[in-house]
Amino acid sequence: MTDGLLNGRVALVSGAASGIGAAIAARFRTAGARVAGVDLIAGGTTDCDLVADVSSDAALALAYDETVRRFGAPDILVHAAAASVPGGTLDTDPADYARLYDVNLIGAVRLMRLCVPAMRERGGGVVILLSSINADFATPTLSAYAATKAAINNLTKTAALEFASDSIRVNAIAPASIDTPLLRGSFHSASDPAAARAANEARHPLGRLGRADEVAELALFLASDAAEWITGAVYPIDGGARVTRR
């Protein structure tokens, strides 16, 4: 049984309105945590839906303060919010590179700057950052997105080393294709949606897309005391895709 693993904990989850972030927020709640969710819209998946843009220092500070007012300072931080644009190295506008870094990478830094000081005072905490399989492979169709996720992997390791003496664990989760509304939307934009989905599924040796709830189970493990000797790790959850990367 994993219900009760997070009893008494407070979690702040970005990107909580849909997809992986929503699944993590929901799973943490069933495990006993009080969850505040940050997103551009209120998703109804948390105990406290906070509308804020992770690229805004001021908006995130207000969201953090509201979390503390309602529940106390977060013991757990999950950065699942992300932006992406299709395109290769040269056909992606530099402004899009900057925007994706602002959300995907610097958003994580903003959240850690808010949450880590109180974790230090309390004697520990957990940070989980969402990476991607694309961080480790050449990805001509998602050049900017993949670059930001590679940066997330390095940030995870650096922050883990910096915060280890404070008993703050920092890990990342690197999914392959997860069956979310965003991914399904990309299939629907293809000339043959069924063929696009089938081709994507075929890239995973286990023969299907991953599910957001499966990512949430991994996040629950990493957030729990069962993982108290794990930090600085990037955990793949990819149906075997990185074994062959076909």
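The values are calculated or read from the model by the stated rules, or taken from the named source; none is laboratory data. Everything numeric here is computed off the predicted structure, so don't read it as measured data. Don't worry about glycine lacking a Cβ; one is built from the backbone with ideal geometry, like all the others, and counts go over all protein chains shown. These area figures cover heavy atoms from the full protein model, side chains too; ligands, DNA and RNA do not enter into them. Shrake-Rupley method; radii C 1.70, N 1.55, O 1.52, S 1.80 Å.
With every protein chain in place and a 1.4 angstrom probe, the accessible-area ranking of Thr45, Thr92, Thr30, largest first, reads Thr30, Thr45, Thr92. Take Tyr235: with every protein chain present and a 1.4 Å probe, its accessible area is about 60 Å².
Shape of the range 1-144 from its Cα gyration tensor (a ≥ b ≥ c, root eigenvalues): rounded if a/c is under 1.5, otherwise prolate when a/b > b/c, or oblate? It comes out prolate by the Cα gyration axes. Relative to one another, the C-alpha centroids of the range 132-153 and the range 230-246 are positioned 13 Å apart.
Taking the accessible area of the range 1-125, probe 1.4 Å, and keeping the other protein chains in place, the carbon and sulfur fraction comes to 55%. Structural descriptor for the range 42-101: relative contact order 17 percent, calculated from alpha carbon pairs under 8 angstrom and at least 6 residues apart.
Of the whole protein surface, His188 contributes about 130 Å² of accessible area at a 1.4 Å probe radius. Under a model in which nothing but the beta-carbon of Lys, Arg (+1) and Asp, Glu (-1) is charged, the range 1-139 shows a dipole of about 580 debye around its Cα centre. For the range 168-225, with all protein chains in place and a probe radius of 1.4 Å, 58% of the accessible heavy-atom surface sits on carbon or sulfur. Under 1.5 on a/c is rounded, so check that first for the range 144-243, then, if it is not, pick prolate when a/b is larger than b/c and oblate when it is not; a ≥ b ≥ c are the square roots of the alpha carbon gyration tensor eigenvalues. In terms of gyration-tensor shape, prolate.
Computed from backbone phi, the HN-Hα couplings of the range 31-45 come to 8, x, 7, 8, 10, 9, x, 10, 7, 6, 9, 7, x, x, 9 Hz, rounded to whole numbers (Karplus: 6.51 cos²θ - 1.76 cosθ + 1.60, θ = phi - 60°; Gly and Pro given as x). Taking amide H atoms as placed 1.01 Å from N in the peptide plane, the amide H of Asp49 lies under 5 Å from those of Gly37, each 5 or more residues away in sequence or on another chain. Think of the range 8-106 as having a plus end and a minus end, set by charges on the Cβ of Lys, Arg, Asp and Glu; of Thr45, Ala17, Leu90, Thr45 sits farthest toward the positive end of this dipole. Per-residue surface analysis assigns Arg110 an accessible area of about 40 Å², computed on protein heavy atoms at 1.4 Å probe radius. Just one of (1) 51, 42, 35; (2) 59, 37, 30; (3) 69, 44, 41 is Cα extents along the principal axes in Å as worked out from the coordinates here. Which one is it? Among (1) 51, 42, 35; (2) 59, 37, 30; (3) 69, 44, 41, the one calculated here is (1). The label point for Ala194 and the one for Ala164, both projected 7 Å from the Cα toward the Cβ, are 5.3 nm apart. Note that the chain presents 45 Å² accessible area per residue, ligands and nucleic acids not counted, probe 1.4 Å.
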